[in-house]
Every structure is written in structure tokens, then in C-alpha cells.
Amino acid sequence: MLTATEIAGFVGAGLAGAAYVPQISHLIRARCSAGISLLAFEVWLVASVLTAARAIAIHAGVFIMLGGIQIVATTLIMLYATRYKDTPCPSHLPGQPTAKAISIDDLKGTT
């Protein structure tokens, strides 16, 4: 039987995995690698492999699951970022208009 903290740990690992979904989805659907640092993800991958190896050694189920999720997600991000290198989507193209600050006068209609 799992304890409440073990359940919380597995839920947390699942949430960590879910947090990668928007990034991976954007990479695949938009074929856009803008803002992805391959070096950072390479370091995260090495860190995930090392911590997962320790988790396996001490039989820490929650951290084994978390490590596995991080390894898979980080690998997917690196693969797709490499595949779509230098291919920004329209929202990431240079020179796109930026948001304009709105003043109180703009909101009141008195400029």
C-alpha cells in the first residue's frame, strides 16, 4: 500500500511530465525551435541520467519514474530542436510587432 507522500510523489512526477507537453507539442506542431538552448538540454539530460541511476541504485520508485520522464522528454526536445534548428514559427520571427503599453488615458479614451 502506498503512503500519502508516495502518492503525492508520483502525482508530482506526473505533473513534471505534463509540464514538458506544451514545449514538445510546440516543437512538433509548429516545427519551431526558437528559444531552445541545446546546451542547456544536454546538461539536463546528463543530470537526469545521473540522478535516475542513483534512484535505481536505492530503489526510489518515485525518483526512478521522474528520471525516466525527464530523460524521455529531454531527449524528445533535443531531437526536435535539432531537427527544426533555425526554423522559427511566425510568432517567433524577428521583427514581429511587440505589445504596446497601455496608459490610463488610453483606457479612458482621453489622449
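Here are several values of mean projected area of the Cα convex hull in nm²: [x] 11.4; [y] 6.1; [z] 28.2. Which one was derived from the coordinates shown? It is the one labelled [x].
Rounding to the nearest 10 and keeping the result within 0 to 90°, find how far the Cα-based axis of helix 61-83 lies from the longest principal axis of the chain. It works out to around 40 degrees. Calculated mean residue ellipticity at 222 nm for the chain: -23000 deg cm²/dmol, from DSSP H runs with n ≥ 4 weighted as -39500 (n - 2.57), summed, divided by the residue count and rounded to 500. In a reduced charge model with +1 at each Lys and Arg Cβ and -1 at each Asp and Glu Cβ, the chain shows a dipole moment near 240 debye about its Cα centre.
Counting protein heavy atoms only, the chain has 68 percent of its accessible area on carbon and sulfur, 1.4 angstrom probe.
Helix 4-30 and the longest principal axis of the Cα set of the chain meet at an angle near 50°.
The values are calculated or read from the model by the stated rules, or taken from the named source; none is laboratory data. The shown structure was predicted, so the numbers you read here are calculated from the model rather than taken from an experiment. FYI the Cβ positions are ideal-geometry reconstructions off the backbone, even for glycines, and counts take in every protein chain you see. For the accessible areas, the whole protein counts, side chains as well, though only heavy atoms, and no ligand, DNA or RNA atoms are used. Shrake-Rupley method; radii C 1.70, N 1.55, O 1.52, S 1.80 Å.
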